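Report on the structure given below.
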Amino acid sequence: EKAGYKHFMLKEIFEQPQAITNTISGRINPETGEVDLPEINLDREAIESFDRIFLVACGTSWHAALIAKYWIEKFAHIPVEVDIASEFRYRNLLINERVLTVSISQSGETADTLAGIRRAKEMGSKVVTICNVVGSTMTREADGTIYTHAGPEIGVASTKAFISQLAALFLFTLYLAGKKETVSAEKRLELGKALINIAGVVDRELPRLRTDIENLIDDFWDCRDFLFVGRGLSFPIALEGALKLKEISYIHAEGYASGELKHGPIALIDKEMPIVALIPRDEVYQKSLSNVEEIKARKGRLILFGTEGDTHLEKLTDDVIYLPEVHEEMNPILYTIPAQLLSYEIASRRGCDVDQPRNLAKSVTVE
Ligand code: M6R
């Protein structure tokens, strides 16, 4: 049932193009970019009534929420707060019927996230859940749903479910932007096309990325610590890269916003410390580059994920993983792939139980 792959995780990484296609199919018109999400149960009037959105999730699903904040605020112009569910459920919430709460959960059973939406509902909020498991508790309790349709995910480390969450959250953003008309129809079509095209790009690049990462890890698989850094849309992917590496390889890893380095973590950098920097050619590229140059000046061992043709990166390190230029809003989807493969290949080389890491459960149904 692993279809020739050594682990479910690797199989699921390679299923990601299909997972994206499953998430978006039938929901977006390729001619107009208009998005239809009937099971969300929110019409134009309801959407106009919201003055804030809370995104609530745990772990990898929380990273998806962090990306969505950038997208929703930029394109739908609704302020977004992102909460870790275990914090959300116990803090003093300022929630009323003008707040939309969205839970993001692969399983739909995570205890803290479920408790969070129950609490939000009690306080008068409408609740939508973005979920991969049909009929799960969260989907039954929510007022509306967006199913991700990624297919069953067996590996404890979330891969294709995360990619599908990103696709669903981008659809959600386009849906809100369409109902509120916060961006032009032309722009919505451009964004919709970017989403439709990304599955093909991921599919094309996956085999080559795997080879590039396999070659790269010879020098890194036995390191004790890693840092992952990124700015803007790449920041949550840095967090996700670090989480993936920790959970399956047991290497200590931290993710930071690149701009935070100088506020503490830069003290860790020496010639032993590997730092994965995500540096696509996006609107914050120049700023990210100066952060990377600071790391270089302190002799950190740089691994760069950057844009094909950006030869400047080769002057900074021999270890560059190139990714094709795509619409910049799609970079989080694309840059997740080498981060997943890096942790997979390292964990596999270390002989770890990739699909069932110690101390972890696929579904965390206790708090
Ligand atoms: O099922 P959920 O999406 O609610 O699960 C949330 C987290 O437990 C989950 O994403 C966890 O962090 C994964 N093991 C990460 O790979």
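The values are calculated or read from the model by the stated rules, or taken from the named source; none is laboratory data. Values in this document were obtained by computation on a predicted structure and should not be read as measured data. Ideal geometry is used to build each Cβ from the backbone, glycine not excepted, and the neighbour counts take in all protein chains shown. Side chains are part of the model used for accessible areas, which takes the heavy atoms of the whole protein and leaves out ligands, DNA and RNA. Shrake-Rupley method; radii C 1.70, N 1.55, O 1.52, S 1.80 Å.
Suppose a student asked you for the relative contact order of segment 232-283, using Cα pairs under 8 Å spaced at least 6 residues apart; what percent would you report? About 35 percent, as a whole number.
Here the accessible area is traced with a 1.4 Å probe on the protein chains. For segment 266-347, carbon and sulfur cover 47 percent of it. Residues of segment 102-124 with an amide N closer than 17 Å to a point placed 7 Å from the Cα of Ala46 along the Cα-to-Cβ direction: 102-104, 117-118, 120-124. Amide H to amide H distances under 5 Å link Arg52 with Leu100, where only residues 5 or more positions off or on other chains count and H is placed in the peptide plane. The residues of segment 265-319 present an accessible area of 49 Å² per residue when probed at 1.4 Å with all protein chains retained. Size descriptors for segment 226-367 (Cα atoms only): Rg and Dmax, in that order, 15.2, 49 Å. Rounded to the nearest Hz, the phi-derived 3J(HN,Hα) couplings of segment 178-195 under the Karplus curve 6.51 cos²θ - 1.76 cosθ + 1.60 (θ = phi - 60°) are x, 5, 8, 6, 7, 10, 5, 4, 4, 5, 5, 5, 4, 5, x, 5, 4, 5, where x marks glycine and proline. Among 317-323, 278-284, 183-189, the peptide with the highest mean count of other Cβ atoms within 10 Å heads the list, and the full ranking is 278-284, 317-323, 183-189. By a 1.4 Å probe calculation restricted to protein chains, Glu325 has an accessible surface near 130 Å², given to the nearest 10.
Over segment 96-227, with the other protein chains present, what is the accessible area per residue in square angstrom, probe 1.4 angstrom?
Details: 4690 Å² over 132 residues.
With all protein chains present, segment 96-227 gives 36 Å² per residue.
Protection proxy ranking of 334-341, 17-24, 264-271, by the mean of other Cβ atoms within 10 Å over each peptide's residues and highest first, is 334-341, 17-24, 264-271.
Run the numbers on the chain and let me know its relative contact order in percent, using alpha-carbon pairs under 8 Å that are six or more apart.
On the way: 718 pairs, mean separation 72.2, N = 367.
Answer for the chain is 20 percent.
Got a number for carbon plus sulfur as a percent of segment 137-218's accessible area, 1.4 Å probe? Carbon and sulfur together cover 46 percent of it. Can you run the Rg to Rh ratio on segment 12-103? Use alpha carbon positions and the Kirkwood inverse-distance Rh. We get a ratio of 1.00 for segment 12-103.
Taking amide hydrogens as placed 1.01 Å from N in the peptide plane, the amide H of Phe228 sits under 5 Å from those of Glu254, Gly255, Tyr256, Val276, each at least 5 positions away in sequence or on another chain. Within the chain, the proportion of C-alpha pairs whose separation exceeds 35 Å stands at 21%. Dividing the summed helix terms, -39500 (n - 2.57) for each DSSP H run of n ≥ 4, by the number of residues in the chain produces a 222 nm estimate of -14000 deg cm²/dmol to the nearest 500.
Computed packing ranks the peptides 229-242, 47-60 as 229-242, 47-60, most packed first, by mean other Cβ atoms within 10 Å. Placing a label point 7 Å from the Cα of Val134 along the Cα-to-Cβ direction, the residues of segment 153-173 whose backbone N falls under 15 Å from that point are 153.
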